[in-house]
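A quick write-up on the structure given underneath.
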Amino acid sequence: MVIQPTSFAALTWAGAASGSAAESWRIGTVLAARPLGINPQGLLVLQIGALAVEAEAPRGQLPSQFQVRVLSLGAQPQLEVIAPQTPEPALQVALRERLPQQNGYAPLLATLDALAQRPALRQLPAYLRPALALLEHGVRTPAEITSGEGLREAINRSGLFLESQLAQSEVDNAVLSQEDWKGALLRLASLLDDYLPPRRTASGGSETPPPLQQRGLQVQPRVTLPPELLNDDVDALLGRLHGEVHAALARVEVAQLEATTVPAWMIEIPVQGDDGRDILQIQLQQHAEGEGGSAWTLGFALDLPALGPLQGELQLRELRLSVRLWAERLGTVQRLEQQFPGLRQQLAASGLILDQLSCQQGLPQSSGPHSAILLRTMA
C-alpha cells in the first residue's frame, strides 16, 4: 500500500516542512506512523515521524501503529506502508532448530555396540551404566516385531508418542519413560551433558536434509566406526555417543513435529540383528475415503546384511489388501517369493481379500515430494 500525502496538516507547527523535522524524510528512510483521525475535509491525518500529514484515506484499514518507507519526495511525497512481520509459527521455529541437529540412528547404534565390547566400560560412573543399559533395552528383537502385538508395542515405545502417553497414563511416568526410546535418549543425554564438556554446535555451510515425511522411506545400512575409535579409549566413544544421542533426539522430535500437521507417522525402530543392530523404518498414513470411510498405507524399509536393502508397501481398504515388495538383490526376491503361498493362506484365514502380492528387484524411487536438500545452514 502506498500513501501519498496531499499536504502537511494544519496541526503541524509552522515551518516544520522545511525545518529539521523534515530532514529525516530522505528516500529509503523508514519512519514510524500512526493514524490520528479524519479531518473536516475527509482527509486522513497521519503522524509520521515528527510530522503530521494529510492523505487520501486508503482502501484498507491501517493498524494503530505501523511503519512507512519514503519512496519519493516533493510537494506530494510517496510513502510505502511496510507490512508488519508476523511471528514465525512455533512449529516452523522448532523444525528449523532441530533439522540441522538430527541424524539417523545407525551411528548411535554402532557406537553402542562398540561401547558394549570395551572392558573399560565397567570403569564408568555407576549412574551412567544403567542409562546405557536402558537405551540398549529399547532395541527390539526380531521375535518382538514379527508379531502383531510386539510390533504395536514397538511403535508405541518408539518415542513418537511419549508425551501424549505421559499425559494420559495412569501408571508411574518414570516407569513409562524408561520403557520408551525417547525417554531413554533423554535420560542418557542429560547424564552425558553432566559427565562430558559442553557439546560444540555444528559449523555453518552444511547441508540440511528435509524432515522424514518429505523424504519418504529410506533403507539405512549399518555404520562402521573409524578404526581409531575401536580401542580402549572409552572417553572418545562417549564423546561420539554424546553427539549421536542428541542427534537421535532431534530426529524423534522432528518426526513428532511433522505428525502434528498431517495424518501420517514416520516411525523408526532399532532392531537387534546378527552381529549388529539394524533400523526398521515404518511410514503409516491414513487416507480419507468416501462416505466417512478410511484407508491405510503402511510402508517399511529395512537393510539386513543377509538380505540386503528391502522395502515394502501394504495398502488396506476395508478388507482388501495389496502388498508390494522390493529387494535390491535377486536372491532375496526369490527367497521372498518362496514365502508367498504360506502368506496367501494366512491372509485368507484372517478374512482379508488379497488383491495383489508381488516382489520386484530394485528399490522404488523415493516417494518424498521434496528434494534431498531442504536448506543450507550458513555461518
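Can you list residues from other chains, or at least 5 along the same chain, whose modelled amide H is less than 5 Å from the amide H of Leu357?
Under 5 Å from the amide H of Leu357: Val323.
What are the ³J(HN,Hα) couplings of the range 341-351, residue after residue, when phi is run through the Karplus curve with 6.51, -1.76, 1.60 and θ = phi - 60°? Round to Hz, x for glycine and proline.
Karplus-based 3J(HN,Hα) across the range 341-351 equals x, x, 5, 4, 5, 5, 5, 5, 5, 7, x Hz.
Provide Tyr127, Tyr195 in ascending order of the number of other Cβ atoms located within 10 Å of each residue's Cβ, fewest first.
Tyr127, Tyr195
Once phi is turned into θ = phi - 60°, what whole-Hz ³J(HN,Hα) does the Karplus curve with 6.51, -1.76 and 1.60 give for every residue of the range 66-71, x standing for Gly and Pro?
Couplings: 7, 10, 10, 10, 6, 9 Hz.
Please find the FRET efficiency linking Gln272 to Leu354, where r is the Cβ-Cβ separation and R0 is fixed at 22 Å, and quote it to the nearest 0.05.
In this case the efficiency is close to 0.10.
Taking every pair of alpha-carbon atoms in the range 190-325, give the share separated by more than 18 Å as a whole percent.
68 percent
Using a Förster distance of 41 angstrom, determine the FRET efficiency expected from the C-beta separation of Gln286 and Asp233, and round it to 0.05.
With a Förster radius of 41 Å, E is 0.30.
Values quoted throughout were computed directly from the atomic coordinates according to the rules given, and no laboratory measurement underlies them. In this text the structure is predicted, and so the values were computed from the model without any measurement. Cβ atoms come from the backbone with ideal geometry, glycine included; neighbour counts cover every protein chain shown.
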